[in-house]
Amino acid sequence: MVKHRAFRLAESIKEEVSRILREDIKDPRLGFVTVTDVEVSDDLRYAKIFVSIMGNQDEIESSMDVLDRATGYVRSEIGKIIRLRHVPEIKFKFDRSIEHGAHISQLLREVGAKGDPEDAEGKK
């Protein structure tokens, strides 16, 4: 029961934080940010919000700074939208999984492009 409730809360937080970042936060330093996952503790007191950010290292650091500064605002907005006795403490974490996946895809494309054309024809 607790796991199910934490999962439902995580999904609600993910939707609302995505909307808040898209519609409410107007800081120009905030780059293209995607909420990739939310993990809520079993006691519903803490939430880790994983975000993917497009851009170079400076843009990523700038966007993470904006998110860290907006934590209180985001938490208060979540409290207004999702009715809870205690709104979880939130922490934004940078998620490199999309970046890592793109890198792996690029490596696989490079390996495929370097394949010997004669071997490919011989297999036909």
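For segment 2-96, DSSP calls about 55 percent of its internal beta bridges antiparallel. If you wrap the tightest convex hull around every Cα atom of the chain and split its volume per residue, you get 145 Å³. Cβ-to-Cβ counts within 10 Å put I82, I90 in ascending order as I82, I90, the fewest first.
For the chain, the relative contact order works out to 24 percent when only alpha carbon pairs closer than 8 Å and six or more residues apart are counted. Neighbour counts of C-beta atoms inside 10 Å place R109, R75 in the sequence R109, R75, starting with the fewest.
Ranked by Cβ crowding within 10 angstrom, fewest neighbours first, how are M54, M64 ordered? Intermediate values should be presented prior to the final figure.
On the way: M54 13, M64 18.
Going from least to most buried by this count: M54, M64.
Pairs of Lys residues in the chain that lie 8 or more places apart, or on two chains, and have C-alpha atoms under 16 angstrom apart add up to 7. Net length available on complete extension from F32 to R96 is 21.6 nm, with 0.36 nm assigned per residue and the Cα-Cα distance removed.
Throughout, read-outs are computed from the coordinates displayed, never taken from laboratory work. Treat the numbers as computed from the prediction; the structure is a model and nothing was measured. Reconstructed Cβ throughout: ideal geometry from the backbone, glycine too, with neighbour counts over all protein chains shown.
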